[in-house]
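Nothing in this text is a laboratory measurement; each read-out follows from the coordinates by a stated rule. If you're wondering where the values come from, they're calculated on a predicted model, not measured in any experiment. Virtual Cβ from ideal backbone geometry, glycine too; neighbours counted across all protein chains shown.
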Amino acid sequence: MKARDAWLCFADESGQLLRPPRARTWARRGRTPVLRVRTAGKARLSLAGPVCRKPGHRIRLIYRMMVHRGRTGEKKGFREADFAALLDAAHRQLGGNIVLVWDSHVHHVDAAMRALIDKRTWLTVFRLPSYAPELNPAEGVWAHLKRSLANLAPFTIDGLAAAVRTRLKRLQYRPDLLNGFIAQTGLITTPP
């Protein structure tokens, strides 16, 4: 990474439905809290993004969100062109070469994605083992996000998108937390 003068980026994707993750909560004795959830429809959010680190620079979180309203013919997740656009945006924002580490998701290893990667001379890709979420700091970002959404029941997908956007924006300005997600993997032991 030092020889390439590159950013080390760990990428992953996640999703969120209108039904919130469950968590424990406090209430007065004898008054069980009731959370009304509207789960009609097939609306959902798809999220993707890398956690990027380079010695001597502030750690970065770059993300993209897709809102799926459940309409006929609508894309249901990130595809190769969407990942390529995300990587191009990361390259512009970071201003340097990227060493990308991500899992072996179907859309990461197919021929279309390989062709898109080969066109980008500034990009080097490494794959994580088949199932190793503990090695990817981006998994920590999504887990932290979902914990912060626990028991939140927005009425619309737009309300959920606004809440997710706000929480991810806050997370972008928490380098200590992002460094913690990287340290938790045990892959990098030197401070940034």
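Data overview
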read-out: Segment R120-A27, length gained on full extension (0.36 nm per residue, minus Cα span); value: 28.1 nm
read-out: Normalised per residue, the volume of the convex hull around the Cα set of the chain (Å³); value: 140
read-out: For the chain, built as a Gaussian network whose Cα springs stay under 10 Å, the top-fluctuating residue of F78, F126, F181; value: F126
read-out: Förster radius 35 Å - calculated FRET efficiency between V67 and S130, Cβ distance, rounded to 0.05; value: 0.70
read-out: For S14, distant residues with modelled amide H under 5 Å away; value: L47, A48
read-out: Label-point gap, in nm, between H105 and R19 - each point 7 angstrom along Cα→Cβ; value: 2.2
read-out: Calculated from backbone phi, Karplus (6.51, -1.76, 1.60) coupling profile of segment 45-54 in Hz, x at Gly/Pro; value: 10, 10, 10, 8, x, x, 9, 10, 9, 8
